[in-house]
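First up is the structure itself, then whatever we jot down about it.
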Amino acid sequence: VEEHVVRFFLPVDDARRSYDFELRREAADRTRHGFVVVADPQVFARGEFALLARAADDIRATAEEADRPFHGICVGDLIAGDHTFYPQYNETMARTGLAFRNAMGNHDMKIWGRSYESSLRAFEDVYGPSHYSYNVGKVHYVVLNDNFFIGRDWYYIGYLEERQLAWLERDLACVAPGSTVVVAIHIPTAFRGKDGQPFDYAKAAKTLANYKALHRLLEPYRAHILSAHEHYNENYTPVPHVFEHVHAPLSTLFWQTPLSMDGIPAGYAVYEADGGRIASWYWKAVDHDRGRQFTAYAAGADRHKPDAVTVNVWNYDPAWKVRWYEDGRCRGEMTRYTGYDESICDYVARYGDRFKYKYIGAAQTEHLFYAVPSSPDAEVRVEVTDRFGNVYEWSAGKGYTSRPAAQTAK
């Protein structure tokens, strides 16, 4: 690491005959390791680096409390377009104490040029090639660039050109089938109902157009795709061998709110690898304990469903269970629905007129749940269990509590 950047590359000089890299043995065994995923820091103005520093300090505390070594991955949009920000961005993220690998985002492109190839220069001058791979322990990591500038104004699409696909094919030929492969990419490969819809040019910048080619290359492996770009948290299994994690932005609504447009607090994802598998993951909200994984609203507190208790489960996937209890009796699972989170709607209503960017606000999300109590006076408790057996609870009287899986098993 030099100047806070992982130097896995050297610039090509035609007059040079050899390139030497000094290799140093890792002091720690990384068979058990972790990694932090940051999405869309997207710094627009110098003054926002203070907010980024606060998040970086939170990441450092999380890594220092862990029982394994960690590294970091940013899945794109490090800055919002001003590439002179990169040195200060790198210096600020160095506060995490982690070596970060970075994927390129659409805001990391140098646009208004004449071709896709011309868009890479500003990012690659600082961070090296925009696609590469590395190993940690028994996990193989791949970083790709699927932001394809089409050489007209600022327009781009989600697309992997053949150069990267052919390189990835050769790269994976060195990875044993059945291994875990983690792919970091900015624009997601999946979205809700994508396979059931025709190709839509209006959405060409929102998801990877030739995603099937990537999924096909990953068929022999246990694959996790880490993506961002859409500014919300979603988890998908687009095909049986791929789990895609779409990450909410660290910058929330461009650093103007404490919550993203889907109501998730500013934060990052934490993953833990044991041996050759990704063993667990969770969302870590900045300035919150890791035991906080959802937001609950008592009946009457959510304007969208005033008769119901509602819950926003930040990193939900279909393996989670969201149950509710009324006066001590389990009433089963809460009903999932698509709607707006109350907190972000309230924040936008209160302070939206002060936003620098008037076009931003709340958006609908699918990780909401509701239940209607039989009486306004009923004592309601919500119990959320993640796919790993960790239990997170809320009640109006006790607030938020949690129990780790090991304790729950006992």
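The values are calculated or read from the model by the stated rules, or taken from the named source; none is laboratory data. Note that this is a predicted model, so its numbers are computed, not measured. Here Cβ is always computed from backbone atoms with ideal geometry, including for glycine, and neighbour counts include all displayed protein chains. Heavy atoms of the whole protein, side chains included, go into the accessibility calculation; ligands, DNA and RNA do not. Shrake-Rupley method; radii C 1.70, N 1.55, O 1.52, S 1.80 Å.
Points to keep in mind about this one:
- Degrees separating the helix 342-351 axis from the principal Cα axis of the chain, which is the longest one: 70
- Put simply, when 43-51, 262-270 are sorted by average Cβ atoms within 10 angstrom per residue, most first, you get 262-270, 43-51.
- Sorting 14-20, 247-253 by their mean Cβ neighbour count within 10 Å, with the most densely packed peptide first, gives 247-253, 14-20.
- Spherically averaged projected area of the convex hull of Cα atoms, region 119-219: 7.6 nm².
- Projected onto their three principal axes, the Cα atoms of region 263-357 cover extents of 49, 45, 23 Å, largest first.
- Area accessible to solvent at LYS203, 1.4 Å probe radius, in Å²: 70
- Rolling a 1.4 Å probe across all protein chains gives CYS330 an accessible area of roughly 60 Å².
- Solvent-accessible surface (1.4 angstrom probe) belonging to TRP281, in square angstrom, nearest 10: 20
- Convex hull volume per residue in cubic angstrom - Cα atoms of the chain: 159
- Percent breakdown of C-alpha pair distances by 10 Å bin, ordered from the shortest bin, for region 1-80: 13, 34, 31, 19, 3
- If you bin all the Cα-Cα distances of region 35-169 at 10 Å, starting from zero, the percentages per bin are 12, 40, 33, 14, 1.
- For region 48-142, the per residue solvent-accessible surface stands at 40 Å², with DNA, RNA and ligands left out and a 1.4 Å probe.
- Between helix 162-172 and the chain: long-axis angle, C-alpha atoms, 0 to 90°, nearest 10: 80
- Region 129-186 - Rg and Dmax from Cα coordinates, angstrom: 13.3, 43
- Farthest towards the positive end of the charge dipole of region 143-276, among the residues GLN164, ALA209, LEU259, is the Cα of ALA209, using unit charges on the Cβ of Lys, Arg, Asp and Glu.
- For region 283-410, the Kirkwood estimate of hydrodynamic radius, built from reciprocal distances between every pair of different alpha carbons, is 15.6 Å.
- Surface composition of the chain: carbon and sulfur make up 49 percent of the accessible area, probe 1.4 Å.
- Debye log10 I(q)/I(0) for region 158-295, one point scatterer per Cα, at q = 0.17, 0.20 Å⁻¹: -1.02, -1.25
- Among 368-375, 113-120, the order from most to least packed when residues are scored by Cβ within 10 Å on average: 368-375, 113-120
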